[in-house]
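Nothing in this text is a laboratory measurement; each read-out follows from the coordinates by a stated rule. This structure is a prediction, so every number in the text was calculated from the model and none was measured. Positions of Cβ are generated from backbone atoms using ideal geometry, with glycine treated the same way; all protein chains shown enter the neighbour counts.
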Amino acid sequence: MPTVIFELPGGVLRSVEVDRGVSVLEAARLGDIAIEGTCGGSMACATCHVHVDEAQFDELGEPTPEEEDMLDLAREPAPTSRLGCQIRVAADLRLRVPGSSLLE
Ligand code: FES
């Protein structure tokens, strides 16, 4: 099973093992990591925004134009920004979670 490593604000690391094909948003929920994800994965909110590890960003493939449009609305954007609900886990993955994507 692939492991998703979430780096939370302050540098805290949380690891979650998931089945292949699970989304990063679902992985976060399985690991009790409070990524907001208001729209539940229908690409209408950008509150599941994460920063993918630079070394792995290209492996994930290009975001769709629709995802790019939503990423324009993300707070704390970075060059490796993606929507967590649109990334399907296929192998071990490391991500940073901006504080703005976490429920308070
Ligand atoms: Fe809303 Fe990902 S959960 S865009």
Summing +1 per Lys or Arg and -1 per Asp or Glu among the other residues with Cβ less than 12 Å from A55's Cβ gives -4
With 0.36 nm assigned to each residue of separation and the Cα-Cα distance removed, A78 to D92 gains 3.0 nm
Here the relative contact order (percent) of region 46-93, from C-alpha pairs under 8 Å and at least 6 apart, is 57 percent
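Give me the percent relative contact order of the chain, please, defined on Cα pairs under 8 angstrom at least 6 residues apart.
Details: 206 pairs, mean separation 42.6, N = 104.
Answer for the chain is 41 percent.
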Per the rule of 0.36 nm per residue minus the C-alpha distance, extending T64 to L8 adds in nm 17.6 nm
note: the chain, Cα-Cα separations exceeding 18 Å make up a percent value of 38 percent
